[in-house]
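Notes follow once the structure below has been shown.
Since every read-out is calculated from the coordinates, none of them should be taken as a lab result. This structure is a prediction, so every number in the text was calculated from the model and none was measured. Heads up, the Cβs are rebuilt from the backbone with ideal geometry, glycines too, and the neighbour counts pull from every protein chain shown.
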Amino acid sequence: MGSEKIDTVELGTGGPRVGVQGLGCMGMSWAYGPTDADEARATLERALELGVTLYDTADVYGLGENEKFLAPFLRAHRDEVVLATKFALVAGPDEPFARTIRNDRGYVRQAVEASLRRLGVDVIDLYYMHRRDVRVPMEESVGAMAELVTEGKVRHLGLSEVTASELRAAHAVHPIAAVQSEWSLFSRDIEESVVPAAAGLGVALVPYSPLGRGFLTGSFVHADQELGEDDFRRGQPRFTGDNAAANAALLEPIRKIADSHGATLGQVALAWVHHRAAAHGLTVVPIPGTSKRRRIEENTGATRLALSERDLALLEPIAGRVAGDRYADMTFTSAGRE
Ligand SMILES: NC(=O)c1ccc[n+]([C@@H]2O[C@H](COP(=O)([O-])OP(=O)(O)OC[C@H]3O[C@@H](n4cnc5c(N)ncnc54)[C@H](OP(=O)(O)O)[C@@H]3O)[C@@H](O)[C@H]2O)c1
């Protein structure tokens, strides 16, 4: 796999310039079972060498541990990296995956200080509202985020899992650089209204879980049988029971296309996400997550994989056939509020 640097793009109108593929850092500390910390650190370095500059974390990942994990890397490379973190999901040590949402001004101000401290930086390049608390008006939540920009604590604003109308309301309070939502061959609900709204406003899309949390690479089928006790995916309806078996059958066209290009399933899945930029007329910077160097090379290689019209036609029906929701509780998503 080549060592060529990936291309760069502007992340939304007026946003920072970033490598066209970012790195999701969540799994280095949380959600998908134990990792090798040395290998994860080496993965951060390898990504940068390959032109990946958008590094994605959140305060809730490992209850602050993921932000702390990134701190030494940031100290060494602060000016080369576009650092994205998030606030709004509040979890407790006893139930790390049980979350409440806080968007109120007081919480935003408290959360940013805690993130800056854990990350060991003076400014966050892209600060996302991780989830929307519908009881808090956008004027208050995005207004509080805008204050952080004025104060120099944050450079650009983002939103995660918002509806099209929420995006428009937020953008009217302060320019939004990027929306981060789930987007993959298995998860296309945002294409109906969020993506067109973002395209119209000049807001970039940052697809999370572009590999379907690893399922699209073919590396597991039945999460409850194959993954560890503390793995978040064991609770996701798509990856268990009859759904998992039915969804694994949907990988066949991906496998065929991968074979025809001498590529991996994951590369085809990522190339499809990159192709959304041309298909929908907006900037798209997916953030596949990995804690392994060799996979960074594989994943960035997908930016150079051109899918044919025939490939795209074969991939088109997959999302419509997926069995099971992407979360056990869909009220936590923008689709749950559309
Ligand atoms: N805004 C939100 O609500 C939200 C929600 C979820 C995630 N995120 C962000 O999005 C990022 C990416 O999403 P994600 O990590 O959930 O899912 P993902 O990127 O779709 O998949 C990550 C999983 O795939 C594996 N993987 C990565 N590359 C692979 C390859 N080439 N071959 C085989 N397996 C591979 C990883 O394991 P290894 O580490 O073993 O490679 C990991 O288990 C996260 O890190 C996080 O920053 C945001």
*Of the listed pairs LYS68/LYS292; LYS5/LYS86; LYS5/LYS256, which have alpha-carbon separations greater than 25 Å here?*
LYS5/LYS86; LYS5/LYS256
*Set the Förster distance to 56 Å, then compute FRET efficiency between GLU229 and GLU4 from the Cβ-Cβ distance, nearest 0.05.*
0.90
*Treating only the Cβ atoms of Lys and Arg (+1) and Asp and Glu (-1) as charged, compute the dipole magnitude of the stretch 168-237 about its Cα centre; round to the nearest 20 debye.*
320
*Please work out the Cα center distance from the stretch 252-321 to the stretch 1-80, rounded to the nearest Å.*
20
*Quick one: length gained pulling ALA172 to ARG135 fully straight, 0.36 nm per residue minus the C-alpha distance?*
11.5 nm
*Virtual spin-label span in nm between ALA76 and ASP38, 7 Å along Cα→Cβ*: 1.4
_the stretch 15-163 shape via C-alpha gyration tensor axes, a/c threshold 1.5_ = oblate
*Quote the charge dipole size of the stretch 71-226 about the Cα centre in Debye, to the nearest 20; the model charges only the Cβ of Lys and Arg (+1) and of Asp and Glu (-1).*
320
*Dipole magnitude of the chain about its Cα centre (Cβ charges: Lys, Arg +1; Asp, Glu -1), debye to nearest 20*: 300
*Take the Cα radius of gyration of the chain and divide it by 2.2 N^0.38 Å, with N its residue count; two decimals is plenty.*
0.92
*Work out the charge dipole of the chain with +1 on the Cβ of Lys and Arg and -1 on the Cβ of Asp and Glu about the Cα centre, then indicate which of LEU265, ILE101, ALA172 is farthest towards its positive end.*
ALA172
*Any chance you could check the Cα centroid distance between the stretch 87-136 and the stretch 226-241 for me, in angstrom?*
26
